[in-house]
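In what follows, a structure is listed as structure tokens, so that the remarks can point back to it.
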Amino acid sequence: MSEHKETKAAQISRILAERIVSGALEPGARLRQDHIAEEFGASHVPVREAFRLLEAQGLAVSEPRRGVRVAAFDLGQVREVAEMRAALEVLALRNAAEHLTPAILNAAEEAIIAGDRARDVAAWEEANRRFHRLLAAPCGMPRLLAAIDDLHAASARFLFSAWRSNWETRTDRDHRAILVHLRRGEVDAACAVLARHVRWIGQRPVETASGKRREAFLIEG
């Protein structure tokens, strides 16, 4: 048995996070402890721990007399995530740069190609996250990487909201520019492109699963 086997709480949290990010669970939706415990064949203890993990990711909120609900998001939160990602991912890249082997850079290029070929937002987001993770992972700073992973989950949620009904194939020139700079050993230039890339904020109409439309903001990449 692997010592890294996923706990029941982590499994529940991961699956609920996927539902929240994809929009299957909308902002404000109640997360009912009894129903979730029954669905996963678990006691209330791991479910409560899963809720705490979701709250730490900013995906759920606990409110007095209202229980645990899917967190809402607004422009302020989107900008906060963008600024945090810019700072933390640049920190990770600076510490990872000397450990980025040709094999890692080739894998990052494959992630770019996969993103270009993605036929829906889910496939694109997976490739996008893989690209960023490949470049950050060699920093060897697990707490930093965990924080970045949480921010990526928030970013993905905005992307899914904005692109759920109007997905179009896209080419990521910033990813390619970052990779060119890294292959040349131009770490400062790569970090500058990365910071600008994750700060890019655009405004698009968001369509919820119930068909309601509202204005919201998203993070690109």
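The values are calculated or read from the model by the stated rules, or taken from the named source; none is laboratory data. Because the structure is a prediction, the values reported are computed rather than measured. So basically every Cβ, Gly included, is an ideal-geometry build from the backbone, and we count neighbours across all protein chains shown. The protein model used for the area step is the full one, side chains on, heavy atoms only, and it has no ligands, DNA or RNA in it. Shrake-Rupley method; radii C 1.70, N 1.55, O 1.52, S 1.80 Å.
Summary table
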read-out	value
Count of residues meeting criterion [among the small types (Gly, Ala, Ser), part of a helix (DSSP H, G or I) and at pLDDT below 85] in the range 150-186	6
Ala60 closer than 27 Å to Glu126 by Cα, crowded, with 17+ Cβ neighbours inside 10 Å and not polar (S, T, N, Q)	yes
Test for Gly23: is it small (Gly, Ala, Ser), open to solvent by less than 70 Å² (accessible area, probe 1.4 Å) and touching a residue at least 60 places away in the same chain (Cβ under 8 Å)	yes
Condition check for Leu54: within 17 Å of Ala154 (Cβ to Cβ), touching a strand residue (DSSP E or B) at 6+ places or on another chain (Cβ under 9 Å) and touching a residue at least 60 places away in the same chain (Cβ under 8 Å)	no
Of the criteria (1) in contact with a Lys or Arg (Cβ under 6 Å, 6 or more places away or on another chain); (2) in a helix (DSSP H, G or I), which one Arg69 fails	(2)
Residue in the range 19-30 that is farther than 20 Å from Ala146 by Cα, in contact with a Gly (Cβ under 9 Å, 6 or more places away or on another chain), at pLDDT below 90 and not in a strand (DSSP E or B) present	no
Verdict on Ala123 being outside any helix (DSSP H, G or I) and either open to solvent by 20 Å² or more (accessible area, probe 1.4 Å) or among the basic types (Lys, Arg) (or both)	no
Of all residues in the range 30-39 being open to solvent by 30 Å² or more (accessible area, probe 1.4 Å) and in contact (Cβ under 8 Å) with a residue 24 or more places away in the chain, the one that is nearest to Leu59 (Cα to Cα)	Arg30
Residues of the range 31-46 satisfying the condition of being in a loop (DSSP other than H, G, I, E, B) and not polar (S, T, N, Q)	Arg32, Gly41, Ala42
Residue under evaluation Val90, criteria (1) at pLDDT 85 or above; (2) in a loop (DSSP other than H, G, I, E, B), criterion not met	(2)
Count of the range 108-120 residues which are outside any helix (DSSP H, G or I) and open to solvent by 10 Å² or more (accessible area, probe 1.4 Å)	2
Criterion (in contact with a Gly (Cβ under 9 Å, 6 or more places away or on another chain) and farther than 20 Å from Glu6 by Cβ) met by exactly one of Val70, Val61	Val70
